[in-house]
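Engineer: Okay, here's the structure, questions in a sec.
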Amino acid sequence: MDEDVFFLGGCLFVIMAFLATVGAMADGVFPRVALVFVILGGGLIGYAVWKKPGIYSFQGVPDVITRVFGTLF
């Protein structure tokens, strides 16, 4: 379960990095916050994949979301 939370959190950080990049480009500044989000998200995803290799894939993301929210509720 913990690795699922790390994987899902990393995915959310990567999505926020994309949004921060778009916002920084619109303002015409360097996307420093997006860089931090990419590092954090990549680290969390890398840790989850390292702890449980072969479990996480692009097609398995909905299963991870279901497991995390199913455990919470």
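Laboratory data are not the source of any read-out in this text; all were calculated from the coordinates shown. If you're wondering where the values come from, they're calculated on a predicted model, not measured in any experiment. Using ideal geometry, Cβ is built from the backbone for each residue, glycine included, and neighbour counts are taken over all protein chains shown.
Engineer: Condition check: on the phi < 0 side of the Ramachandran plot and surrounded by fewer than 17 Cβ atoms within 10 Å (Cβ to Cβ). Does Leu72 satisfy that? Before you say what the answer is, go through the steps one by one.
Structural biologist: Numbers: on the phi < 0 side of the Ramachandran plot: yes; surrounded by fewer than 17 Cβ atoms within 10 Å (Cβ to Cβ): yes.
It is true that Leu72 is on the phi < 0 side of the Ramachandran plot and surrounded by fewer than 17 Cβ atoms within 10 Å (Cβ to Cβ).
Engineer: Now, a different point. Assess whether Gly41 counts as being of a type outside the set (S, T, N, Q) and surrounded by fewer than 18 Cβ atoms within 10 Å (Cβ to Cβ).
Structural biologist: Details: of a type outside the set (S, T, N, Q): yes; surrounded by fewer than 18 Cβ atoms within 10 Å (Cβ to Cβ): no.
So Gly41 does not fit the description; no.
Engineer: Name the single residue, out of those in region 36-73 being touching an Asp or Glu at 6+ places or on another chain (Cβ under 7 Å) and free of Cβ contacts under 8 Å to residues at least 60 places away in the same chain, that is nearest to Glu3 (Cα to Cα). Walk me through how you get there before you give the answer.
Structural biologist: So in region 36-73, the residues touching an Asp or Glu at 6+ places or on another chain (Cβ under 7 Å) come out as 48, 51-52, 64, 67-68.
From what is left, the residues that are free of Cβ contacts under 8 Å to residues at least 60 places away in the same chain are 48, 51-52.
Values: Ala48: 5, Lys51: 7, Lys52: 8 Å.
Only one residue tops the list, namely Ala48.
Engineer: Just one of (1) buried (at least 18 other Cβ atoms within 10 Å of the Cβ); (2) over 8 Å from the mean Cα position of the chain (by Cα) trips up Phe7, so point out which.
Structural biologist: Of (1) buried (at least 18 other Cβ atoms within 10 Å of the Cβ); (2) over 8 Å from the mean Cα position of the chain (by Cα), only one is false for Phe7: (2).
Engineer: Here's something else I'd like to know. Could you look through region 18-73, keep only residues that are of a type in the set (S, T, N, Q) and part of a loop (DSSP other than H, G, I, E, B), and pick out the one that is farthest from the chain's Cα centre (by Cα)?
Structural biologist: Here is the first cut: in region 18-73, the residues of a type in the set (S, T, N, Q) are 21, 57, 59, 66, 71.
With the extra rule that they be part of a loop (DSSP other than H, G, I, E, B), the set shrinks to 57, 59.
On the way: Ser57: 13, Gln59: 15 Å.
That would be Gln59.
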